[in-house]
Amino acid sequence: MVCSWFCEQWALLLLGSPFMIAGSVIEMVAPGYTGMILDGFRAEDWPFVYTLIVQFLYITLGTGVCALLREIIFGITSQKLGLSIRGQLFENLVRKDVTFYDNFRTGDMLSRLNSDTQVVQEGLTTNVSMAVKSTCIVFVVFGILFTYNVKLALIIFVIIIP
């Protein structure tokens, strides 16, 4: 069931992934800008501070746009997932033998059709988006760490991986 869903929705997932990656990268760069702005305040270099604040506003705007597009795309994917799961469950319920309906009440089946598919739908879309975002954050953090100090990055890499 999950494989058929993934095959149907791969285009939307691929479309949403760059926005998630861009949003994660921008979120990782923002604290560096905050530190540079504070350093500019300390040095009283007001044109430099103004430039950094404008760049920071663009970064914040970019993060917001990426988050909006990511939520729209993954929301559409989530709805399509729920529709697919409900359709498959309904088809399976319709094809059941008549004796199956003697053992289960109609309300129970409708509750399962609605609530259980909603739980699976939310869980799968949340897990997929969080997996992509977490992977991106790990790579960005190690990239930043390697730019600052290679020895320290290797030590942390050796300690964290096991």
Considering every residue within region 98-106, establish whether at least one is modelled with pLDDT under 80 and either within 29 Å of the chain's Cα centre (by Cα) or in a loop (DSSP other than H, G, I, E, B) (or both). yes
Tell me, yes or no, whether region 120-130 has at least one residue that is hydroxyl-bearing (Ser, Thr, Tyr), exposed (fewer than 11 other Cβ atoms within 10 Å of the Cβ), under 30 Å from residue 29 (Cα atoms) and within 27 Å of the chain's Cα centre (by Cα). no
Looking at region 152-162, can you tell me whether even one residue there is outside any helix (DSSP H, G or I), modelled with pLDDT under 75, of a type in the set (Val, Ile, Thr) and exposed (fewer than 15 other Cβ atoms within 10 Å of the Cβ)? yes
Looking only at region 1-48, and only at residues there that are at pLDDT 75 or above and in contact with a Leu (Cβ under 7 Å, 6 or more places away or on another chain), the one that is nearest to residue 89 (Cα to Cα): 19
Quick check on region 60-69. Is at least one of its residues over 18 Å from residue 21 (Cβ atoms), among the small types (Gly, Ala, Ser) and surrounded by 16 or more Cβ atoms within 10 Å (Cβ to Cβ)? no
Residue tally, condition surrounded by 12 or more Cβ atoms within 10 Å (Cβ to Cβ) and among the charged types (D, E, K, R), over region 97-119: 2
Just wondering, is there one or more residues in region 112-131 that are over 30 Å from residue 20 (Cα atoms), out of contact with any helix residue (DSSP H, G or I) (no Cβ under 9 Å at 6 or more places or on another chain) and among the basic types (Lys, Arg)? no
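Can you spot a residue in region 70-83 that is polar (S, T, N, Q), exposed (fewer than 11 other Cβ atoms within 10 Å of the Cβ) and over 20 Å from residue 29 (Cα atoms)?
no
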Which residue, of 62, 23, 35, is more than 20 Å from residue 123 (Cα to Cα) and either without any contact (Cβ under 8 Å) to a residue 24 or more places away in the chain or part of a loop (DSSP other than H, G, I, E, B) (or both)? 35
Looking at 89, 145, which one is in a helix (DSSP H, G or I), under 30 Å from residue 15 (Cα atoms) and touching a residue at least 12 places away in the same chain (Cβ under 8 Å)? 89
Determine, yes or no, whether residue 51 is surrounded by 12 or more Cβ atoms within 10 Å (Cβ to Cβ) and within 30 Å of residue 112 (Cβ to Cβ). no
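The values are calculated or read from the model by the stated rules, or taken from the named source; none is laboratory data. The model shown is predicted, which means the values in this text are computed figures rather than measured ones. Using ideal geometry, Cβ is built from the backbone for each residue, glycine included, and neighbour counts are taken over all protein chains shown.
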